[in-house]
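**Q** Take this structure, written in structure tokens, and hold onto it; I'll ask about it next.
Values quoted throughout were computed directly from the atomic coordinates according to the rules given, and no laboratory measurement underlies them. Computed from a prediction, not measured in an experiment: that's the story for all the values here. All Cβ positions, glycine included, derive from the backbone under ideal geometry; neighbour counts span all protein chains shown.
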There are 2 protein chains.
Amino acid sequence: MENFIFHNPTEIIFGRGTIPGISSRVDRKSRVLLLYGGGSIKKNGVYEQVRKALSGRRVVEFPGVEANPRYETCLQAVKLLKKEKLSFILAAGGGSVLDAAKFIAAAALFKGKDPWDILRTSGSNVRSALPIGAVLTLPATGSEANSNSVISREATKEKLHFSSPWVYPRFSVLDPETTYSLPVKQVRNGIVDSFAHVMEQYMTFPAGAPLQDRFAEGIVQTLVEIAPRAMDRKPDYHSRASLMWCSTLALNNLIGCGVPQDWATHMIGHELTAFYGLDHAETLAILMPGVWKFKLKTKKAKLGQFGERVFGVKGANAAIKATEEFFHSIGMPTRLSDYRISADEAAERIRARFTERKAAFGEHGDIGPGEAAKIILSRR
Amino acid sequence: MENFIFHNPTEIIFGRGTIPGISSRVDRKSRVLLLYGGGSIKKNGVYEQVRKALSGRRVVEFPGVEANPRYETCLQAVKLLKKEKLSFILAAGGGSVLDAAKFIAAAALFKGKDPWDILRTSGSNVRSALPIGAVLTLPATGSEANSNSVISREATKEKLHFSSPWVYPRFSVLDPETTYSLPVKQVRNGIVDSFAHVMEQYMTFPAGAPLQDRFAEGIVQTLVEIAPRAMDRKPDYHSRASLMWCSTLALNNLIGCGVPQDWATHMIGHELTAFYGLDHAETLAILMPGVWKFKLKTKKAKLGQFGERVFGVKGANAAIKATEEFFHSIGMPTRLSDYRISADEAAERIRARFTERKAAFGEHGDIGPGEAAKIILSRR
């Protein structure tokens, strides 16, 4: 087990009817930026509950944060926030709204010349941020209880992440009933996203960390168990609650304590989203089996353990097959051709971009431009 | 799944050679009470490392915190702390030293007349506490990352607990190498204690919380897997590191989120320690199988799941048997007669005390004085 520091200060308020809990957690003198997305919170009752909980405070709204939140949009929010002298950000929505809130919170107090530098340095130059609270309506990214954010720049088709202890939400409200109105597609994306987050921190090599292995396997076992009910159009509280809790614990830094991590699937996937507009989870379902097959030799031991414990199958190849079958069982495609994307074109575009950035990913840092291209070609 | 709030602000600094990390986490102007136990930290190098990390600060030592820390001892420490105007408590040792630190931290700022009221009200009247930092040398109680404390009053043979968000350690340093000098008995106690903590939050009834079940099972699976190596006299870093991480996660509030809890074993066990001086873990190994058998009907579903997933056995009775066999395999007795304690006497003493306190424990609140006596009699 490697040395680690674990420090996650976010308060999780979980369960039915918990949105009023915001009221006692946001100071009465706060001037609040209420950030949200395309307006789904106005249809599912979240908006009314949040406004009621914030009553008595100055609240300025900034709607319209898009999926894969844009740098350009965030800068507009920063402008509004400064003009209105706002002191607290309340993000209501999914991972995109939360990620945007984190960037806005950091950019609002950023002393550097160009806020893009926050992303260019992966957050290492962030020295402070406005406080953030969240109401999560889409279980997927884990952004509600971590310090990560991914932002896309429309002008240059770049998608970069940053991380800083300053942007942990002070609190996050997780009410599973707010997910009842989600389209099936977004529930499916959430399942795959959470699954992939776990695997990035697990599917490497044995590292003397059996408890971390069990926790990672436990999240995926639960996702596999609840997926059919969670995807059902008739809402089922317990399966939606479990999905929500799985997605939070998949990426709140806990299961990654003291173990090697991969993240090649995510890094290549970000490029597929930037170039072709695929949903984040869609890119992960395509690429993850490809990364595993490409690195079969070094991942063999963990693939075998995973296949046996989670799917009851023997051997590394069977584990990869079982994973693809699970994705198919919930209607998630795993090939570029399913989206009519040319593997050759994608491989060349990403090879060029990774060459320019001198990219090297994976737990051994050996997935560079050429390897990424090969992985993409294997997923045509 | 029940509603819950999860908020654990303790920073964990985990791994080899991490004690110097104290230095950057305790303000230079702090006046530090250094609390420790019987002096084992002077033999294993922890004392020197801690003193070095605290150099430049005013440090006053209070050694001699005993196992099952005494109220009377804690009050002496509070007196010293006030006399020396100390502002920070650094606890170096096992759960007893940490529990004492929490009580001292709360009692130092307690506004009530009698500090015993903190324990009599289970901590509900605690409104502030001095900051605490910890260096853990004995993985067992989970006190390094929770808000619980158990204190014994010598004069009245009482053992009571309190809990308050004010007494979470600000940070806890967990260096597995500090456990290398532990006597085998204490490692065994730590394994059983962690095992029992998990079970108090798990062995109830199915509650629509499959992820919490998997995490709980994962900790116990890991304990069973590493126990032989962790008990070996030749230190093995990875198994000691896993034991340490298991014991922290067994009782940092995570696995208990949103699920029913039992705790009857602990409550009866505290009395066995108070009356007969048994180690805490020794009482748990005796009583837990008894509580399970006594409540076989209501715990049947979880016992079956547990037996199958952790020990690969079928049925509730087989799960209880496998658990006892595991305890025996590491040399832990499970009967009162192993300690030459009269079951009849113990049953009557505890029946009287629970009657006086109107005690009712267990996930259904139906283990009162008569039931506790029956459980004890079944463990003669």
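**Q** Label-point separation (nm) for A:Glu61 and A:Asn317, each offset 7 Å from Cα along Cα-to-Cβ?
**A** Taking the simple label geometry, A:Glu61 and A:Asn317 are separated by 5.7 nm.
**Q** At a threshold of 8 angstrom on Cα-Cα distance, excluding pairs fewer than six apart, so keeping six or more, what relative contact order does chain A reach in percent?
**A** Contact order relative to length: 15 percent.
**Q** Further question: Using a Gaussian network for chain B with springs between C-alpha atoms less than 10 Å apart, which of these wobbles most: B:Thr156, B:Thr283, B:Thr248?
**A** The residue with the greatest mean-square fluctuation here is B:Thr156.
**Q** Considering only the label points, 7 Å along Cα→Cβ from Cα, what distances in nm to one decimal separate B:Gly315 from the same position in each other copy, shortest first?
**A** 3.7
**Q** Where is the GNM fluctuation largest for chain B (alpha-carbon springs, 10 angstrom cutoff): B:Lys52, B:Lys234, B:Lys300?
**A** With Cα springs under 10 Å in chain B, the top fluctuation among B:Lys52, B:Lys234, B:Lys300 is at B:Lys234.
**Q** Here's another thing I want to ask about it. Leaving out same-chain residues fewer than 8 places away, which lysines sit with a Cα under 19 Å from that of A:Lys321?
**A** Answer for A:Lys321, where 19 Å is the Cα cut-off: A:Lys293, A:Lys295, A:Lys297, A:Lys299, A:Lys300, A:Lys302, listed by chain and number.
**Q** What do you get for the angle between helix A:210-231 and the principal long axis of chain A? Use alpha-carbon atoms, 0 to 90 degrees, nearest ten.
**A** With both axes taken from Cα atoms, the answer is about 80 degrees.
**Q** Within straight cross-link reach of A:Lys85, meaning Cα distance under 18 Å, which lysines are found once same-chain residues fewer than 8 apart are removed?
**A** A:Lys29, A:Lys102, A:Lys111
**Q** Remind me, relative contact order of region B:283-380 in percent, using alpha carbon pairs under 8 angstrom and six or more residues apart?
**A** 28 percent
**Q** Considering only B:Glu324, B:Glu282, B:Glu356, give the residue with the highest GNM mean-square fluctuation for chain B, with springs between Cα atoms whenever their separation is below 10 Å.
**A** Of B:Glu324, B:Glu282, B:Glu356, the most mobile in the Gaussian network model is B:Glu356.
**Q** Still on this model: Multiplying the sequence separation of B:Glu154 and B:Arg16 by 0.36 nm and subtracting their Cα-Cα distance, what value in nm do you get?
**A** In short, 45.9 nm is gained.
**Q** Using alpha-carbon pairs under 8 Å, 6+ residues apart, how would you state the relative contact order of region A:11-177 in percent?
**A** 28 percent
**Q** Once you place label points 7 Å from the Cα toward the Cβ at A:Ser378 and B:Arg340, how far apart are they in nm?
**A** That separation, rounded to one decimal, is 6.7 nm.
**Q** Can you give the angle from 0 to 90° between the axis of helix A:264-276 and the longest principal axis of chain A, with both taken from C-alpha atoms, to the nearest 10?
**A** 70 degrees
**Q** At 222 nm, what value in deg cm²/dmol follows for chain A if DSSP H runs of at least 4 each add -39500 (n - 2.57) and the sum is divided by all its residues, to the nearest 500?
**A** Here the helix-only value at 222 nm equals -14500 deg cm²/dmol.
**Q** Report, to the nearest 10°, how far helix B:296-306 tilts away from the longest principal axis of the Cα atoms in chain B, using its own Cα long axis and a range of 0 to 90°.
**A** Tilt of helix B:296-306: around 70 degrees.
**Q** To one decimal in nm, how far is B:Glu225 from the same spot in the other copies, if labels go 7 Å from Cα toward Cβ? Please give the shortest first.
**A** Nearest first, the other copies' label points are 1.7 nm away.
**Q** Along the charge dipole of chain A, Cβ charges K/R +1 and D/E -1, which of A:Ala209, A:Thr179, A:Val59 sits furthest on the positive end?
**A** Of A:Ala209, A:Thr179, A:Val59, it is A:Val59.
**Q** Can you tell me the convex hull volume per residue for the protein assembly as shown, based on C-alpha atoms, in Å³ to the nearest whole number?
**A** Given the Cα convex hull of the protein assembly as shown, per-residue volume reads 162 Å³.
**Q** Nearest 0.05, what FRET efficiency do A:Glu48 and B:Asp232 give at R0 = 45 Å with Cβ-Cβ as r?
**A** Using R0 = 45 Å, I get an efficiency of 0.15.
**Q** Along each of the three principal axes of the Cα atoms of chain B, give the extent in whole Å, ordering the values from largest to smallest.
**A** 60, 46, 44
**Q** Distances in nm, one decimal, shortest first, from A:Asn125 to the same residue in every other copy, taking the label point 7 angstrom along Cα→Cβ.
**A** Label point to label point, same position, other copies: 5.5 nm.
**Q** A further question on this structure: Throw me the Rg/Rh for region A:11-177, computed over C-alpha atoms with Kirkwood Rh, two decimals.
**A** Ratio of gyration radius to Kirkwood radius: 0.94.
**Q** How many nm is it between the label spots at A:Glu348 and A:Ser329, if each spot is 7 Å from the Cα in line with the beta carbon?
**A** 4.0 nm
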